[in-house]
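Step one of this worksheet: look at the structure below.
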Amino acid sequence: MRAATVVPGRPELADVTDLAEPVAAPGELLVDGLLVGACGTDVEIVKEGFGELPPGRDRMVLFHESLGRVRSAPAGSGFVAGDLVAGVVRRPDPEPCAACAADQWDFCRNGRYTERGIKELDGYGAQRWTIEPKYAIRIDPALGELGVLTEPASTVAKAWEQAELVGRRGYFAPRTALVTGAGSMGLLAALFGVQRGLAVHVLDRVSTGPKPDLVRMLGASYHQDLDTVPEPDVVIECTGAASLVFDLLRRTARNSVTVLIGLSGSTANLPVPAGVINDRTVLANNAVVGCVNGSLANYRQGSQALAAADPRWLRQLITRRVPLADWPDSLRREPDDVKVVVDLT
Ligand code: BGC
């Protein structure tokens, strides 16, 4: 079988490799890979050397946003051949820390967790993969190929869960949400906000391409200028653009929660009005929360939110499809890209 393989930080070695067929260990599912989604983390792995090879290996199978069809499942696993599944990315650290031991690997304390396709484990960019049933998320058959959005939806589900958990620390009756960035994460975050009945505002730089229309089709408002956005009660920050992040913190409503899910990937210094931001944060009870990865519950919430969405809208998030043979093309940003997927079949 063929797989998309990489050496972190060596883009010239990104390749399609013939690998031996994987053999399911007792209790595991054997899955035919259908699609994987490409994201910024994959670019960081290939170009910047983010992530880590599995110990003793010289290449790793890339990609962590998956969709596959169960080829064989052991009796009692809860799955049968033909089921659509997405794989969970993170695994608890081997020790494990107290958070991982409680199945909260997304809150791993010691950073020794592993991640499929990112950190020390092969990813899902292969024509066949195996997985323990515990880490396989069942996809509603009606969702079909859109199930490849389950992993990014799980991250967005965690962001909204964090906003709501933190919000409950005191009086919190959110009405207005701001999502920064209209890429796939931002659009999914906007979807979740609309599903919660909030007035959702999405900020991005572009004025052309599919993003403004995708925002409006949701019933949300599209902005290119932060000054035109009403003070938000909840912010889901998906850009990682450092100056925007700090700009936001001065402009949120009282008792607001800002959840940061975008990475900056930059070490540049930035002049910020630190005192103004501090005073605003204190005097307005504002909270800022960093958020990565997702729990099993977040995967389920993500997959339920996708199943409840208008499939015609969701389908438009997948703007490009690349065959496995050309998978490195999936990491090249084209102006109108939202989510690019690789077809493993
Ligand atoms: C993935 C997360 C992962 C994070 C850091 C993201 O792209 O969606 O599952 O935890 O990268 O490795």
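The values are calculated or read from the model by the stated rules, or taken from the named source; none is laboratory data. If you're wondering where the values come from, they're calculated on a predicted model, not measured in any experiment. Backbone-built Cβ (ideal geometry, glycine too); neighbour counts: all protein chains shown.
Tabulated results
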{"quantity": "Selected residue [under 16 Å from residue 152 (Cβ atoms) and not β-branched (Val, Ile, Thr)] from 197, 240, 219, 209", "calculated": "240"}
{"quantity": "Matching residues, segment 278-304, being touching a helix residue (DSSP H, G or I) at 6+ places or on another chain (Cβ under 8 Å), in a helix (DSSP H, G or I) and among the polar types (S, T, N, Q)", "calculated": "298, 301, 303"}
{"quantity": "Filtered residue count, segment 49-83, keeping only those that are among the hydrophobic types (A, V, I, L, M, F, W, C), closer than 23 Å to residue 298 by Cβ and more than 19 Å from the chain's Cα centre (by Cα)", "calculated": "2"}
{"quantity": "Exclusive hit being acidic (Asp, Glu) and touching a Lys or Arg at 6+ places or on another chain (Cβ under 7 Å), set 58, 32", "calculated": "32"}
{"quantity": "One residue from 276, 272, 340, 282 being within 23 Å of residue 182 (Cα to Cα) and either within 16 Å of the ligand (Cβ to nearest atom) or out of contact with any Gly (no Cβ under 9 Å at 6 or more places or on another chain) (or both)", "calculated": "340"}
{"quantity": "Hits in segment 58-69 - residues which are more than 15 Å from the ligand (Cβ to nearest atom) and in contact with a strand residue (DSSP E or B) (Cβ under 9 Å, 6 or more places away or on another chain)", "calculated": "59, 61, 68, 69"}
{"quantity": "Single residue of segment 22-57 satisfying the filter (farther than 17 Å from residue 12 by Cα and out of contact with any Ser or Thr (no Cβ under 9 Å at 6 or more places or on another chain)) that is farthest from the ligand (Cβ to nearest atom)", "calculated": "26"}
{"quantity": "Top-ranked residue in segment 285-303 [being of a type in the set (S, T, N, Q) and surrounded by 15 or more Cβ atoms within 10 Å (Cβ to Cβ); ranked as nearest to the chain's Cα centre (by Cα)]", "calculated": "293"}
{"quantity": "Contacts under 8 angstrom Cβ, first residue in segment 51-69 being within 20 Å of residue 154 (Cα to Cα) and modelled with pLDDT of 95 or more, partner more than 15 Å from the ligand (Cβ to nearest atom) and among the polar types (S, T, N, Q), 6 or more apart", "calculated": "62/5"}
{"quantity": "From the options 178, 146, residue that is more than 16 Å from the ligand (Cβ to nearest atom), in the same structural domain as residue 234 (by TED's automatic domain parsing) and in contact with a helix residue (DSSP H, G or I) (Cβ under 8 Å, 6 or more places away or on another chain)", "calculated": "178"}
{"quantity": "Matching residues in segment 305-328 - criterion: being more than 20 Å from residue 219 (Cα to Cα) and in a helix (DSSP H, G or I)", "calculated": "324, 325, 326, 327, 328"}
{"quantity": "Counted residues, segment 95-106 - those being surrounded by 15 or more Cβ atoms within 10 Å (Cβ to Cβ) and away from the ligand (no atom under 11 Å from the Cβ)", "calculated": "5"}
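To keep it simple, each residue is scored yes or no on (1) under 28 Å from residue 168 (Cβ atoms); (2) of a type in the set (Val, Ile, Thr); (3) buried (at least 17 other Cβ atoms within 10 Å of the Cβ).
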position: 210; (1), (2), (3): no, no, yes
position: 219; (1), (2), (3): yes, no, no
position: 222; (1), (2), (3): no, no, yes
position: 226; (1), (2), (3): yes, no, no
position: 231; (1), (2), (3): yes, no, no
position: 237; (1), (2), (3): yes, no, yes
position: 241; (1), (2), (3): no, no, yes
position: 246; (1), (2), (3): yes, no, no
